[in-house]
1. Given the options L239, L223, L227, L258, name the one that is in contact with a Gly (Cβ under 6 Å, 6 or more places away or on another chain), assigned to a helix (DSSP H, G or I) and among the aliphatic types (A, V, I, L, M).
2. Within the bounds of region 212-228, is there any residue that is open to solvent by less than 60 Å² (accessible area, probe 1.4 Å), touching a Pro at 6+ places or on another chain (Cβ under 6 Å) and touching a residue at least 24 places away in the same chain (Cβ under 8 Å)?
3. Based on what the data block shows, is Y272 within 25 Å of A306 (Cα to Cα) and in contact with a helix residue (DSSP H, G or I) (Cβ under 7 Å, 6 or more places away or on another chain)?
4. Among the residues of region 93-101, is there at least one that is at pLDDT below 95, over 24 Å from I136 (Cβ atoms) and either of a type in the set (F, W, Y) or part of a helix (DSSP H, G or I) (or both)?
5. Answer yes or no as to whether T133 is open to solvent by less than 80 Å² (accessible area, probe 1.4 Å) and closer than 24 Å to T203 by Cβ.
6. Can you say whether A201 is at pLDDT 95 or above, open to solvent by less than 70 Å² (accessible area, probe 1.4 Å), small (G, A, S) and more than 25 Å from I109 (Cβ to Cβ), as far as the supplied structure shows?
7. Would region 185-195 turn up any residue that is part of a helix (DSSP H, G or I), open to solvent by 70 Å² or more (accessible area, probe 1.4 Å) and under 23 Å from L259 (Cα atoms)?
Amino acid sequence: MHRSFTVLSKNLKSIASSSSSDGIFSFKFHSSSSSSSPIGSPTRVQKLIASQSDPLLAKEIFDYASLQPNFRHNYSTYLILILKFGRSKHFSLLDDLLRRLKSESSQPITPTLFSYLIKIYGEANLPDKALNTFYIMLQFNIKPLTKHLNRILDILVSHRNYLRPAFDLFKDAHKHGVFPDTKSYNILMRAFCLNGDISIAYTLFNKMFKRDVVPDIQSYRILMQALCRKSQVNGAVDLFEDMLNKGFVPDSFTYTTLLNSLCRKKKLREAYKLLCRMKVKGCNPDIVHYNTVILGFCREGRAHDACKVIDDMQANGCLPNLVSYRTLVNGLCHLGMLDEATKYVEEMLSKGFSPHFAVIHALVKGFCNVGRIEEACGVLTKSLEHREAPHKDTWMIIVPQICEVDDGVKIDGVLEEVLKIEIKGDTRIVDAGIGLEDYLIRKIRAKSRQF
């Protein structure tokens, strides 16, 4: 404490000497009564307080200056010190300073102060104080703006226990001349949907039209997402059609929500039709939309339909990515359509994509399952040529298959071709070697028992 007073004394002396050199440090009265203070003008004190990193030292300077005759702090000094208290979490000191500011009836207060306070309370996870700020503004004879209401609602609904207080504030705001806008409704609708209260969210949505508040794309999307989470995809589709009929142009996120839900509910025909409608409705499908439908078809064993989607996307100027090819190749392999899968792997490689180990594994496994060992080795060769390390599970599938081949089949040459590829440290063949060793030991033991 002694050190802080020493620093305070030095700082005030600095002000005094600076003021004296400027001819301000005098006891003569000027046009402003505060300028006759022996510690200088309020602006000089404001700058000194603003320069302090220690909020408690800034308070000492504030209090010391307040005791000087004919001195009165300006509003900016109050604002600076309030922010210092808030950011350092000295909330009791902040409350005291607010009461003091209120008692200074001559000070012009602006809504900016309360915008800062709401932000500080939100960052400090103090929903009660954020809510109380709305009513403190009224005590200062300042009408809160709708943006203040929305920020407070955002803070309140982020705490599940404060959903009801948020709703009460929303309903009472108009009594104080504050009218909720579209964002206000969206904040509460989303909160109620996440809480499982879709019926309340729907009620709020319908009230928007009655109160001449125009919903936006987000308003519709909030309800659609909630319905999709509840697997009520038909309701989401109806809401989507209502949005179109009212002249809204759905955005990319809205389509993503609906496509995901349709695919999960195995309504693949409807998902594909929606994908085709997107461009007509002013929203070009992107890679996410196409991949969603491709995955939906492949999951249901309809990889041949997914091939059509791949063709469509390229015709519309959207190039498939690694996820597109990986999903499709896996789907084709699962159906035993290995030649078709190989064609898409070659197409993928021709476009500069590296063959993902999952793609290689699916093809190798597929060929091995039907005894096409030569083709499986060819896939492995391409993988190594592109410096893509096959997973150890892939090695574990193909190596025993090679060892099991009858003597009459000339597979040695194929294996030699595979081994000609420069194998890097990341090819993980060593992992497979452990399994191969176990396999060969079992084979030797089995043969020894035969003799």
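1. So the residue among L239, L223, L227, L258 that is in contact with a Gly (Cβ under 6 Å, 6 or more places away or on another chain), assigned to a helix (DSSP H, G or I) and among the aliphatic types (A, V, I, L, M) is L227.
2. No - not one qualifying residue is present in region 212-228.
3. Here the answer is yes, as Y272 does meet what is asked.
4. Checking region 93-101: not a single residue is at pLDDT below 95, over 24 Å from I136 (Cβ atoms) and either of a type in the set (F, W, Y) or part of a helix (DSSP H, G or I) (or both).
5. no
6. Yes: the conditions hold for A201.
7. yes
So that you can scan it fast, the table gives a plain yes or no per residue for (1) under 20 Å from Y135 (Cα atoms); (2) open to solvent by 10 Å² or more (accessible area, probe 1.4 Å):
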position	(1), (2)
F71	no, yes
S76	no, yes
L83	yes, yes
L94	yes, no
R99	yes, yes
S103	yes, yes
S106	no, yes
P111	yes, yes
S115	yes, yes
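The values are calculated or read from the model by the stated rules, or taken from the named source; none is laboratory data. Quick caveat, the model's predicted, so the values are computed rather than measured. All Cβ positions, even for glycine, are placed from backbone atoms using ideal geometry, and neighbour counts span all protein chains on display. Accessible surface is based on the protein model in full, side chains and every heavy atom, while ligands, DNA and RNA are left aside. Shrake-Rupley method; radii C 1.70, N 1.55, O 1.52, S 1.80 Å.
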